[in-house]
Amino acid sequence: MDIRSLENIGFDALFEGFSRAFSDYEIHFDKSEVQSMLTRRGYVPKFSFAAFDNGKIVAFTLNGIGMFNGTPTAYDTGTGTVKEYRGCGLAGEIFRYSLPYLKEAGIGQYLLEVLQNNHKAITLYRRMQFDTTREFDCFKQSIADIDNIHSAEHCVNLKIKLIDTDTVNQAQSFCDFDPSWQNSIESIERGISRLACIGAFDLDGLAGFIVFDRNSGDLAQIAVKQKCRRQGVASRLLSEAIKQMCTDFVKVINVPSDNLSLPAFLKSKNIPLMNKQFEMSKDLTQP
């Protein structure tokens, strides 16, 4: 068994390892979903690493590379281990192996998210000197159970149209919090081929916007200008997104737990809490 970079590993081999690692999970992914996820999260094969046994991937950490809060950052896009190889400490070995390469490339911090009920992983990360930076709430609901019809009907004077990523970038001031890596403007720009961006316009211009993935049900961003709130703008945007979804559900991940406005809106639509995550980071500039 050896650990090495994924720089010269084709996607088919990577997807085979990915599928084997998550074969006993409830959620299964097809190739297009994994490709979209890796693109949006900034996956860089050169700085991603895996353990191989007889030439087959048996454990891996796929790293996204980019800027986060002004710091060059590596982001854990996906970590997995094939069932038969779990409990051997491979995830920790792969991470330790990657550190010199990340530091040499000028990466200043390592960022990840972990479910709060995954106590084993959290213990491992804390042992590796990761600190919890934020707590996130994640929401999900079947479209049939979302309560949005009546509230969207009274906001008919808005003009709804597609917008580009430049407009979304300029409207980041509408947001009440800094988005997580997966929902950042950089992530949206990377994955724009699979995303839809819709703006709601009143007489004064852009009043709000929504960014979503029709194929995954993921609602990446929804925000309304402060003075336009409680006027049905967000409800109208959600309604437009729901009409275009190819899934039978909507999910909203990584809302900071100390944020009040977005959870209140989601609750009013009967979109309940699904799970909670920690955002954790490790400073790579220290010895």
Work through the residues other than LYS225 whose Cβ is under 14 Å from its Cβ and net out their charges, Lys, Arg +1 and Asp, Glu -1.
+1
Report the full-extension gain for the segment ALA264 to SER173: residue separation times 0.36 nm, less the Cα-Cα distance, to one decimal in nm.
30.8 nm
Pop out the carbon and sulfur fraction of the accessible area of segment 140-287 as a percent, whole number, probe 1.4 Å.
50 percent
With a 30 Å threshold on alpha-carbon distance, the violating pairs from LYS227/LYS267; LYS161/LYS269; LYS103/LYS225; LYS161/LYS276 are LYS103/LYS225; LYS161/LYS276
Got a sec? What order do ASP248, ASP213, ASP53 fall in by accessible area at 1.4 Å, biggest, i.e. largest, first?
ASP248, ASP53, ASP213
What is the local net charge at SER187, summed over the other residues whose Cβ is closer than 15 Å to its Cβ (Lys, Arg +1; Asp, Glu -1)?
-4
Enter the accessible area per residue of the chain (Å², integer; probe 1.4 Å; all protein chains in place).
50 Å²
Residue range of the chain that is longest and free of GluC sites (Glu not before Pro) which are both DSSP loop and sparsely packed (at most 16 other C-beta within 10 Å)
27-287
Return the calculated 222 nm mean residue ellipticity for the chain, to the nearest 500 deg cm²/dmol, obtained by summing -39500 (n - 2.57) across DSSP H runs with n ≥ 4 and dividing by the residue count.
-8000 deg cm²/dmol
Starting from the Cα of THR123, step 7 Å along the direction of its Cβ; do the same at ASP145; then give the gap between the two resulting points in nm.
3.3 nm
Karplus couplings for segment 131-143 from phi (6.51 cos²θ - 1.76 cosθ + 1.60, θ = phi - 60°), rounded to Hz, Gly and Pro as x?
10, 6, 9, 8, 10, 10, 10, 10, 10, 7, 7, 5, 4
Answer rounded, prolate or oblate for segment 163-205, using the Cα gyration tensor with square roots of eigenvalues a ≥ b ≥ c: rounded when a/c is under 1.5, else prolate when a/b is larger than b/c, else oblate.
oblate
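The values are calculated or read from the model by the stated rules, or taken from the named source; none is laboratory data. Here the structure is a predicted model, which means the values were calculated and not measured. When we count neighbours, we look across all protein chains shown, and the Cβ atoms used for this are built from the backbone with ideal geometry, even at glycine. Ligands, DNA and RNA are excluded from the accessible area calculation, which covers all protein heavy atoms including side chains. Shrake-Rupley method; radii C 1.70, N 1.55, O 1.52, S 1.80 Å.
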